[in-house]
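The values are calculated or read from the model by the stated rules, or taken from the named source; none is laboratory data. Everything quoted here is computed from the prediction, not taken from an experiment. Don't worry about glycine lacking a Cβ; one is built from the backbone with ideal geometry, like all the others, and counts go over all protein chains shown. Accessible surface is based on the protein model in full, side chains and every heavy atom, while ligands, DNA and RNA are left aside. Shrake-Rupley method; radii C 1.70, N 1.55, O 1.52, S 1.80 Å.
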Amino acid sequence: AAPGAGTALSDLPLRDSLVGKSPYGAPQLEVPVQLNTNENPHPPSAALVEDVARSVREAAASLHRYPDRDAVALRTDLAAYMAARTGVPVTVDNLWAANGSNEILQQLLQAFGGPGRTALGFVPSYSMHPIISAGTQTEFLDLHRRDDFSLDVDAAVAAIESMTPDVVFVTSPNNPTGHSLSLDDLRRLASATTGILVVDEAYGEFSAAPSAVDLIDEFPSRVVVSRTMSKAFAFAGGRLGYLVAAPAVVDALLLVRLPYHLSVLTQAAARAALRHADDTLASVAELAAERDRVVARLAVLGYRVVPSSANFVLFGLFDDAPAVWSRYLDQGVLIRDVGIAGHLRVTIGTEAENDRFLEVSADLSEDIV
Ligand code: PMP
């Protein structure tokens, strides 16, 4: 046995607020069809792989030195991408980057949440929002979405006004339900917020809804937009998330970030991947078309499908969703049980992967309630 294996978690002097909590746990299984963590199913192009390899080789020559602590070159590239995408003239001063948007969210809570402070989320939503809240000792409050998982913006505004949270999380498109919010709805949430409104746009590229980056100039001390290269950019393994906000928000994050958090290798690889953005993002339209095909076919098979503007779809209804999840897995198709009664979530894959998912879905349609 491993040294110390006789000691259990319950034997440790764990902080009270972490007792009984579960870690983030999307299963990582080697199966033929992996449609469970909302990645882009297309591997990077040969040209991108070559560019990353060359850039990392060059960067490796300076591995004896710490990286640029402020990742200025990478942030400049990200600013150019976001300015081109949104038409909002954001600069390097509006951008911050970290190891995945999870680290961005954690830094936001370290700066704006913490002991004695609260964060409000509209559930069901991304499971890491409450987990990162617990990790930073921020009390997580929630408001439930409507039965169809859309957000009742009147109720959300009322909840913000009565609970006055220090941080409000809104995810658009929302994971795991797929709804996007309009700029007008986001504006109403921002107007009600007295703390920070974190708009989590991890799936922003998949949606036609405008980015909340449009609202930064109107609400400079409130609106922060979190984004990632993990999804549309097909760079989940590279771990690069970023934030767009007023420069003062970046100043706040400098207070909590660990020095040199983005390695020389990460910065070089992310910049190389960004140089191929046009090519990589060409897959977005194809994935959206595949999503619409999957949705239509599931509906024909009798499933209830939640409308989605992202690269995943929530569907049901089942008496026993965990049992149906296992039946998909038995057929080599890994999807996600996100803990919503009666529902499962499938990530949109390649055409062949989606075909296989739909084949199994046809076989399992007697499980539909
Ligand atoms: N936000 C949302 C809504 C997500 O779904 C995810 C990934 N599942 C993330 C943030 C974090 O992704 P990453 O850390 O890879 O950027």
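Summary value for the chain: 22 percent relative contact order, contacts being C-alpha pairs under 8 angstrom separated by 6+ residues. Within the chain, the longest segment free of exposed loop sites, counting chymotrypsin sites (Phe, Trp or Tyr not before Pro) that fall outside DSSP classes H, G, I, E and B and have at most 15 other Cβ atoms within 10 Å, spans 25-259. When Rg and the Kirkwood radius Rh are both evaluated on Cα atoms of the range 182-322, their ratio Rg/Rh stands at 1.04. The residue list P322, A202, A1 was ranked by how far each Cα lies along the charge dipole of the chain toward its positive end, using unit charges on Cβ atoms, and A1 comes out on top. Ordering 66-76, 261-271 by mean Cβ neighbour count within 10 Å, with the highest value first, yields 261-271, 66-76.
Taking every alpha-carbon pair in the chain and binning the separations at 10 Å intervals from zero gives 5, 23, 31, 27, 13, 2, 0 percent.
Apply the membrane-span-like helix rule to the chain: whole DSSP H runs, Cα extent along the own long axis of at least 30 Å, mean Kyte-Doolittle hydropathy at least -1.0. List the helices found. Within the chain the helices that satisfy the rule are 277-300. If the Kirkwood radius is taken over C-alpha pairs of the range 246-349, then at 10 °C and 1.306 mPa s the Stokes-Einstein diffusion coefficient equals 93 µm²/s. Placing +1 on each Lys and Arg Cβ and -1 on each Asp and Glu Cβ, with no other charges, gives the range 16-93 a dipole about its Cα centre of roughly 80 debye.
Near A321: Cβ cut-off under 13 Å, other residues only, Lys/Arg at +1 and Asp/Glu at -1. The net charge is 0. What is the Cα centroid distance between the range 62-103 and the range 321-336, reported in whole angstrom? So the separation of the two Cα centres works out to 39 Å. Dipole check for the range 53-160: with +1 at the C-beta of Lys and Arg, -1 at the C-beta of Asp and Glu, and the Cα centre as origin, the magnitude is about 480 Debye. The residues of the range 74-202 expose on average 35 square angstrom of accessible surface per residue, using a 1.4 Å probe on protein heavy atoms. Could you let me know the centre-to-centre spacing of the range 217-239 and the range 248-311, using Cα atoms, in angstrom? Here the two parts' Cα centres lie 9 Å apart. Among L189, M229, N36, whose Cα projects farthest towards the positive end of the dipole of the chain, with charges put on the beta-carbon of Lys, Arg (+1) and Asp, Glu (-1)? Checked the options; the winner is M229. Scanning the chain for GluC sites (Glu not before Pro) in DSSP loops with at most 13 neighbouring Cβ atoms within 10 Å leaves 31-217 as the longest stretch between them. When the alpha carbon coordinates of the range 1-156 are projected onto the principal axes, the ranges are 56, 47, 39 Å, largest first.
A straight line joining the Cα centroids of the range 1-47 and the range 112-152 runs 21 Å.
Extents of the range 76-116, taken as max minus min of Cα coordinates on every principal axis and listed largest first, are 39, 19, 15 Å.
The dipole here belongs to the chain: it is taken about the Cα centre, uses +1 on the Cβ of Lys and Arg and -1 on the Cβ of Asp and Glu, and is about 880 debye.
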